[in-house]
1. Go through (1) in a loop (DSSP other than H, G, I, E, B); (2) more than 16 Å from the chain's Cα centre (by Cα); (3) acidic (Asp, Glu); (4) surrounded by 15 or more Cβ atoms within 10 Å (Cβ to Cβ) for C:Glu236 and report which single condition fails.
2. For D:Tyr24, state whether it is within 14 Å of chain B (Cβ to nearest Cβ) and either closer than 20 Å to D:Glu117 by Cβ or of a type in the set (Phe, Trp, Tyr) (or both).
3. Of the residues that sit in the range B:222-242 and are surrounded by 17 or more Cβ atoms within 10 Å (Cβ to Cβ) and not basic (Lys, Arg), which one is modelled with the lowest pLDDT?
4. From the list C:Gly260, C:Gly209, C:Gly242, pick out the single residue that is in contact with a helix residue (DSSP H, G or I) (Cβ under 6 Å, 6 or more places away or on another chain), within 14 Å of chain A (Cβ to nearest Cβ), touching a residue at least 24 places away in the same chain (Cβ under 8 Å) and buried (at least 22 other Cβ atoms within 10 Å of the Cβ).
5. Across the range A:309-321, what is the total count of residues that are surrounded by fewer than 23 Cβ atoms within 10 Å (Cβ to Cβ) and either out of contact with any Phe, Trp or Tyr (no Cβ under 8 Å at 6 or more places or on another chain) or within 14 Å of chain B (Cβ to nearest Cβ) (or both)?
6. So, in the range C:26-68, exactly how many residues are under 23 Å from C:Leu235 (Cα atoms) and either in a loop (DSSP other than H, G, I, E, B) or outside the structural domain of C:Gly89 (by TED's automatic domain parsing) (or both)?
7. Filter the range A:190-231 for residues that are touching a residue at least 12 places away in the same chain (Cβ under 8 Å) and among the small types (Gly, Ala, Ser); which is farthest from A:Glu137 (Cα to Cα)?
8. Which of the strands (runs of 3 or more DSSP E) contained wholly in the range B:132-234 include at least 2 residues that are over 30 Å from B:Gln66 (Cβ atoms)?
Amino acid sequence: MKKIAKAKLNELYAKISESMGLFLPIKRAGEVNYAVWGEGKEVSLETLKTVKSPKNAFFPDSENLMKFKTEGKNIEIIDVRKDYKEEKPFVLFGVKACDYKAIEVLDRVFLADPVDSYYQARREATTIVTLACSKPEESCFCKVFGIDATAPCGDVTTWLDENYLYWQANTEKGEALTALVADLLEEGGEESVATQQEATKAILEKLPFSALDLSRFKPENLNDLFNDPAWEEMSEACLGCGTCTFVCPTCQCFDIRDFKTSEGVLRYRCWDSCMYSDFTLMAHGNSRTTQMQRFRQRFMHKLVYYPSQNDGLYSCVGCGRCVNKCPQHLNIVKVIKTLGGKNDD
Amino acid sequence: MKEVETKMLERAKELLESGEVARVVGWKKGEFCYDPSPATFESVEELKDFTYDWFCGANLSKYLIQISKKEGKTAVFLKPCDTYSFNQLVKEHRIKRENIHVIAVECRGKFDIEKIKAKGISFVTGAQLDGTQVKVSTLYGEETLEKSDVVLTKCATCNKDYQVQDEAIILHERTKKDVDRFAEVAKLEAMTEEERFAFWREQLSKCIRCNACRNVCPACSCVKCVFDNPASEISAKVNSDKFEEQLFHIIRAFHVAGRCTDCGECSRVCPQHIPLHLLNRKFIKDIDNFYGEYQAGETAEGKTPLTSYTEGDTEPNDVFKGEAK
Amino acid sequence: MTNETLIPKVGVITDIRKDTPDVKTFRVVGTDGKKLFEHMPGQCAMVSIPGVGECMFSITSSPTNEEYMEFSIKKCGCVTEVLHALEEGAQVTVRGPYGKNFPVEGDFKGKDLLFIAGGIGLAPLRSVINYVRHYRENYGKVVIVYGARSKDDLVDIEEIQTEWMNEPNTEVYLTIDRPQEGWDGHVGFVPSYVKELGLDPNMTAVLCGPPIMIKFTLAGLLELGFDKSRVYTTLELRMKCGVGKCGRCNVGDKFVCKDGPVFRMTELDELPDEY
Amino acid sequence: MQEVTENKEFTPNIVAFCCNWCSYAGADLAGSSRMTYPANVKIIRVPCSCRVNPTFILKAYQQGADGVIICGCHPGDCHYVTGNYYTRRRIALLFSMLNYMGIEKERTRLEWVSAAEGQKFSAVMNDFVKTITELGENKRLTDLRVKEGE
């Protein structure tokens, strides 16, 4: 294991930035979100939960897919992916265990056949440096999904305490990054990390949501859960906004839209939310006309549909962002408690 | 606050048991002490989850658009600011007034859990007002904070009074605050053009276009929003660059200008804490300046500033000149 | 570079046939004059007009047609409206094929087949019917029941009358909803017509049409003794990607674009009622 | 590229929303009386200045306009009696808001031009184009995607 003094972190960022892009939690106008590092930016590794998850490193809020030039009746399609391919490799720094797990959830969608080459290009160009949690909060429940917040995976795992950032490379990519910054690192830190991990685990045990019962969320209960009358009550205060979706690290629904420019048409992909009333709107109807149906879709997808298609892997990682951010305090924990509790009925 | 809650609960029970109302709209308990959700209670049995505390900041008026169309009468608990939204919606024929029984309920400002957490306080288990201070209990003990530091932004400058009530549950009188709700707007106005641009750039670049500000807004009650309508040519789901953010927020605020009661829900729900109320308040301030003081929601009748005019109105090219001030 | 699934190919509309007042059939080939891609009956493709939008349509032509693809499209939304205004020679973009096809090389083989369609619902079935006609010896008897609001709404009646009706071992039954001058055929809704016909319940049935028609026809078939596991239909929901990623066309844990659009009725029974 | 846009050759894109009953006719009159106004003014005819939704103005900026001017009948002379009184309030608030958000206040203007005022129309347009030319390219409101590829 290696370590670097906290005071020298800016040097580390500068060194990485020389040859690679560096994407990490940065405070801007009072809020911390993942953004590209630059001299003078206020990095905030201590922030437990960035408002947006780091998913936009691979699956940006909006990205160009292709361009069309039209002349008379003719259409020319211009592939814009080469612009991405030439993008220099980048480092995603400070990813928490839950957000890292969320990347696996996204991988299973975007890297499944047929592979999404836009996502893949970014994913392959990235070295992920994770950061263990030391101060989990009451809205955290990653433990429920078998995630160890004190030992996240990734190409490099790091731990942060008052004085040092501890550094452990896990993969070839991680070794390469370690070599790049070797001059800044020194040996040691195993003990400090072990102490921190122990202390954090003690907190994790005590978190109020650490023992949520997921046993009812199984594919064989799909129809029972779908038809549960509790959805009406759970969703009645839902505003139909997209907050939960957009702060969620695993939500990956998107829309494809066209934008007319002076040069032609730009086709782009952007985040979309199943909570929106036009999500499933077709010319001749809508398969989900009520907010209850849309609300149900979101949570059924996370807890039943996705696992049923992905070997039981839930598409929730317990980051608790929806718990903190829903304007009316509706969230997946309330859903799990309400429906999961009916196990023995 | 506990006494108020008890009174409210008693009254809700009475109303439901006597059959005077078919349902009561209030708040139900969450997982913590600080995350209640708006809820409808249709039986005394359901009232077991009823709550009213320092964190019931949500404005219930907009829910009444749908609920007032239901069979039977609905009782609703409205805070002072909520009554303005209610009136405005009645004025716009969105709420069926005759189906609603308004119970004005005491409010001495609501707390913002995010502000408490921002002070480094976690595992909050309760909060109580103590004079000008707030005692926050946590798993690790008690913390004392200034009330002005923890109230919701919308409550910090609120001097509103009940505009409509069929009955009231008020145990503590409120003291009028000596604050100018336009102070922040004036501060921005005093900046240079570049500074203002930079301020809004920084703030609006955080926007994730979740539409929470729009969906929570009691004035945003269109059946189909212009931003959801592909035929409007401005529908979009994401801010692709700096312009879209401004377009969305200018138009959002503009569409409610003259109807916005300054309930402040837009700022409360913003996941990125963009001070959206400063856009709405700018319109309110301008309307007051140009066309005389006007408070939307004070009455359930009459014209709004943008649906009326006088022959000698301020000329648009003159709004920056001294005479308009 | 071009194998990215979201990037379409350019197609040229070489022929436009007006089938009914609101349905046109578009013949599409690649810019090189050849067929854009191969498909199987029941599969779909994303057709788009840059700047307007992209929509999923079932491929109406049979895979056995080696020259071109056809799409029968009803005018009902933004994209279809613009499509209907296009002229021959116009270009569109096409990507696909998407979804599972009808089991023409599997369960359908050697079976007697019953096709029931309503209105534009004939579009996806036309592909199967013509495929079956091409490999006629592989299948048993074919019965086609097709209904529309009026005689003018029957899509490509010419092919039905001149080709399908003359096919050996094939029965074609047409019906329209209300009596109309110049129509001496059957009048009545498809579901009741199906019951009147007293069809052989051992046939494998394929249904396509408006949801209400499917619902009642299915009930009728069950009454006649049909087995749900031998009744197929195709679904249609909002789609953006076509490859199970954009997350909107799911019914329960199945994506219509990837796991459908062709479903057995028994499969649909296991899914929540949300389509 | 930067230098090119900043030298004198910058010709702004101007969008003028003109009321059918006055300024649009005023533009006609200007034309037939051989009074010139710059060719880079793109006129959009509207049935009344009141038809100009604030969205139109912002949309024009999004699509690359450097300046937007709205022309209507003099207050009191509206073909529909009161339309332009509402325009006046609406546009006043919008101008104030744009300025509040740090958008140059000179970029957007409203003028009352009657059908008989061909000369005024021409003078207003010339003056507005001059103002915008001096102000330079609209960088704060254009959608970056519009000018992509240039």
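The values are calculated or read from the model by the stated rules, or taken from the named source; none is laboratory data. What you see is a predicted model, and the numbers here were worked out from it, not measured in a lab. No Cβ is skipped: glycine too gets one built from the backbone with ideal geometry, and neighbour counts run over all protein chains shown.
1. Unmet for C:Glu236, out of (1) in a loop (DSSP other than H, G, I, E, B); (2) more than 16 Å from the chain's Cα centre (by Cα); (3) acidic (Asp, Glu); (4) surrounded by 15 or more Cβ atoms within 10 Å (Cβ to Cβ): (2).
2. So D:Tyr24 does not fit the description; no.
3. B:Ser240
4. Matching residue, one of C:Gly260, C:Gly209, C:Gly242: C:Gly209.
5. Of the range A:309-321, the ones surrounded by fewer than 23 Cβ atoms within 10 Å (Cβ to Cβ) are A:309-314.
When the remaining residues are screened for being either out of contact with any Phe, Trp or Tyr (no Cβ under 8 Å at 6 or more places or on another chain) or within 14 Å of chain B (Cβ to nearest Cβ) (or both), the result is A:309-312.
Adding up the residues that qualify gives 4.
6. 12
7. Among residues in the range A:190-231 that are touching a residue at least 12 places away in the same chain (Cβ under 8 Å) and among the small types (Gly, Ala, Ser), the one farthest from A:Glu137 (Cα to Cα) is A:Ala230.
8. Result: B:133-138, B:141-146.
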